[in-house]
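Shown next, in structure tokens, is the structure this report addresses.
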Amino acid sequence: MELDRPVILSAQRLGKRLALGDEQLSILTGIDLEIKAGDSVALVGASGSGKTTLLGLLAGLDTPTEGTVYFAGQPFSSESEDRRAALRAEGIAFVFQNFQLLGALTALENVMIPLELAGRETPEALARSYLERVGLGDRARHTPRQLSGGEQQRVALARAFAAQPKLLFADEPTGNLDQATGQRIADLLFELNAEAETTLVLVTHDPALAARCDRALRVEAGQLHPEQDSTS
Amino acid sequence: MSRGLAQRMLRRHWRGGELRLLAAALLLAITTVTGISLFVDRLERALVLEASAFLAADRRIEGREAPPEAWEAEAQALGLATARTVGFTSMAFSDLDALLVSVQAVSPNYPLRGALKTAGDPLAAGAVTRDTPAPGTLWAAPRVLLSLGLEVGATLDLGAVSLRIDRVLTDTPDQGGNFLLAPRVLMALSDVAKTQVLRPGARVEHALLLAGPESALGAFEAQLPEGFDARFDLEDVRTGNRSLGRALDRAERFLRLGGLMAVLLASLAVALAAARYAAQQADAVAVMKTLGATSGTIRRLYLGQLFQLGALVTVLALGLAYGVQAALFKLLAAYVPVALPAPGWVPWVLGTLTGWLCLLAFALPPLLELETVTPVRVLRRDLAQASRKGPLYRGLGLLALLGLLFAYAGSFELAGWVLLGLGGTSAFFAALAFVLLRSGRVLGMQAGRAWRLGLAALSRRQGASIVQMLVFGTALMLLLTLTVLRSSLLDSWRAQLPEGAPNHFVLNLDSEERPAFQQALEAQGVVPQPAFPMTRGRITAVNGAVLDPKASRAAARLTEERNLSWSGPLPEGNEVVAGQWWDELAPVPGLSLEADFAAGVGLTLGDRVTLEVGDQRFDLPLVALRRVAWDSLRPNFFLLLSPGLLEDRDATYLTSFFLSPERQSTLPTLLRTFPSVSIIAVDGLIAQLQQIVARVSIAVEVVLFLVLGAGALVLLASIQSTMDERLREYGLLRALGGSRQRLQGALVVEFATLGVFSGMLAALGAELMIWAMETQLFGLPAQSHGILWFLGPVLGVSLVLTLGLLATRKVVSVPPLTVLREHGA
């Protein structure tokens, strides 16, 4: 592990509480985290442990009730929602368990969205090249409804990497796929990630997938622990 | 970038069907409003034009003195056509005999509306002419020639002048429903002075006739000096002809009401469709925000879509509206002989404005709220979106709705009643719907399984179900209201002009001739109607104070010589609105006046009125005020006396009979046998009224049809709005083993229940609204409409069930896996 790589994402004393009537429900407490550029980190944990909530906070999709998230050295979580969106447009991409493609648009148009939002010059050519890269060059005009689950996730991967992000969040990317398809998607994810040298934060409860990351962190009862039996 | 993306999304969403309902609702709103406005606008222009024939003008200024020259000059300067008439009664002398005639002296451009008909022989049918009598000549009604035994070409002395009878006058446009005792004679205005009959104090009616565009007429009226109405009466089609005025008024109110309801329903459909579209887009917005879209981007994106859609739909709708009204008029071509005036610009602007107001007030708010969707929704879908501006937008929407209501209703009264009906029934509906749902659940406990499933679905979505019931109920209520109002309106029109209603009036029948005349009629197989004794008299003093006709217009009206009659029982078509009708058998001497007339001249119950009839003088208390059905073509009187004051021999008789068109040839024989009797044929007038009513009825039906379309769209939009939830639920049920048949059954139960309940709510609401409208707006008697309680639920079930099952066929036909994948959490 090279030590001179900069820290791209960090969290200090991060916590999230929800008000449930009179009671306060603590979902995450005292999370400290540092991820260096180019790292791949798996967040593992049981259902309801808070790992997806943590991903939402780290990606600026939600705001913490305490603590701060830093993105490229800048306090990220305290920015306004629109500012966070603009920062995401510039350098953060996502892959979700349920793909989250826009049903009304074609595969090509879905891949073009982040490029257009970031104001890229030739979004269509770029999107097309990434679709070809994930093996869907001939399905560009198809809508998500006309694609299988695996194909949809490939489109989602093309959308994520076409934006050439610094940081990629993947939330259970194989969770909705059968084992063989899941395997192929995971291979493609790690392949593209290695090519682009993107920092990867992967939420999963699949130990095999977690094992392919540089390191794994376990979320348990709202707290973060280093994964002891990580194979890396 | 957002414009390109907006265009792409618009295109895709259109193809995907997400926007179709919104577009259809908007299209219907604009098309309906523009179409109805265009149709009403053109129809009204045509009707008013036609009805103006009854006045011989668009406006008529009438007085005891000639309206000033300056007014005529002003009118001409405004581009109005003008004509003058002077009317008076005078004795006309032939060499051997004399006859009281009603003279109308007219300027050469008379009449400005309608046409004169003349013939060369008293017994021949008349033909339309554009001429007027040349100076030195006159045109006389057939009875003048028959009574005096004259032929065309003979001379007749009127006062100091001798005029040659040039033609037989068979028809004048402005004789309307006024019964002239004396037969009519038409002469040139320039000859009037020579007659020397217009001495001071003579009973003369001068009139200035005006015709032209409504704007110029309005400008002219605005220029009339203040207080002109003390000396002159200003008449238009409505004040000039009561039966026609009432029919036009009601038709216009109804068409406006239809337009109003169509707008309400279309707004409701737009709001529902937009809310659903917004709900569907929440996930997409969350994804886009996750990918870096700011609130501004989202706002621009959806505003862009909405404006592009709005512009497209507007163009399409305006074209469609023009086509619709053009097609309507083509259908009506047989009934519309008048050349149709081109539609004005107002309907186009009104339609466009309505569409955009609908869009901005009802479609924009839910779409603007999309910018508040939080991106974290991509991870946790159950997170509610924070809505800060919701109440503000809804408030604005409501204000816009109020504005629309008033703009369409054209009257605060109409809009007020509709609002009150809607507001009151909505609140009541919500409470009742809650109770009905509860009872439905209790019932469901004891029912079979498909029943239980369907009813459970209803009460599970209690909130949505109540809203849906409200929406269905409101739409149905408006439909029912309009349907019933339409038929009571048409019935009341038809009742005015029943088949076989008397189409000939007989005047001047004296008591000695009466039996012979009756026999002559019976010999022709004609059944005479009851006869009314009639004489003329005038009011000279009120409460002992002698009236000076020059003092005020009211005094002048009061002292005019009028037809009057007497009767023991209250005549048919009369209703006592104040005071008490005399005892039929033992009447106390008294006087009864028509209520509007009494109010117009300032008489109240209990006033002592001095009446001169011939050389007799009566001092009578005003004991009863009557409302008279002027729109019935029956003899009606402003003044009625209690029986026993005047002897029947003092009177001539007024009677009527129905003569079928094929029997018309018997008229000349009758006229020859009874030369002093005048017979006025009103079958032309009746035919004209019937034609107008027929046309208006078609317009009314078209409006109803458009409103029905809007109602169906609302039902669809409302069903669509719970579609995603249904898909999810039924997908899950099917995955868990529910058979298609069972689920279909549950859907049938759900929609049928919804339909029955909404139908019952609608019946109740409609009953209240109809009561208010009939009594408050249309001046019809209040009545209960039992049919509503049958029609409401039946219509509710059939409409809701059909549309519901059609709209939800996807629910049971799409494979459950697809449903769960696309709509699952």
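Bear in mind that the values in this text are calculations on the coordinates, not laboratory data. Predicted model only: the values in this text are computed from it and were never measured. Reconstructed Cβ throughout: ideal geometry from the backbone, glycine too, with neighbour counts over all protein chains shown.
The table below lists the values:
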item	result
10 Å Cβ neighbours from other chains, averaged over peptide A:114-125	3
Nearby lysines by direct alpha-carbon distance to A:Lys36 (threshold 22 angstrom, same-chain neighbours under 8 apart not counted)	A:Lys51, A:Lys166
Set of aspartates and glutamates near B:Lys810 by C-alpha distance (under 18 Å), chain-local residues within fewer than 8 positions excluded	B:Glu18, B:Asp724, B:Glu725, B:Glu729, B:Glu750, B:Glu822
Region B:717-778-region A:17-70 distance, computed between alpha-carbon centres (Å)	44
For region B:527-592, Kirkwood radius (reciprocal of mean inverse C-alpha pair distance, Å)	14.4
Those GluC sites (Glu not before Pro) in region A:173-220 that DSSP places in a loop and that have at most 16 other beta carbons within 10 Å	A:Glu197
Sparse-neighbour loop sites [trypsin sites (Lys or Arg not before Pro); region B:78-171; at most 14 other C-beta within 10 Å; DSSP]	B:Arg130
DSSP-assigned coil residues among trypsin sites (Lys or Arg not before Pro) in region A:63-170, each with at most 12 further Cβ atoms within 10 Å	A:Arg141
Reach of B:Lys194 by Cα under 30 Å, taken over lysines that are not fewer than 8 positions away in the same chain	B:Lys117, B:Lys550
Under the span-like rule (Cα at least 18 Å along the axis, Kyte-Doolittle mean at least 0.5), DSSP H helices of chain A	none
Shielding by partners, peptide B:93-101 (average Cβ within 10 angstrom, other chains)	0
Amide H contacts of A:Val203 (H built 1.01 Å from N, under 5 Å, at least 5 apart or other chain)	A:Leu43, A:Ala170, A:Asp171, A:Glu172
Among A:Leu43, A:Gln24, A:Gln12 the positive-end extreme of the charge dipole of region A:1-94 (Cβ point charges)	A:Leu43
Shielding score for A:81-90, defined as the mean number of other chain Cβ atoms within 10 Å	5
Enclosed volume per residue, in Å³, of the convex hull spanned by Cα atoms of region A:84-187	91
Positive-end extreme of charge dipole, region B:504-681 - chosen from B:Ala555, B:Pro643, B:Val506 (charges on Cβ)	B:Ala555
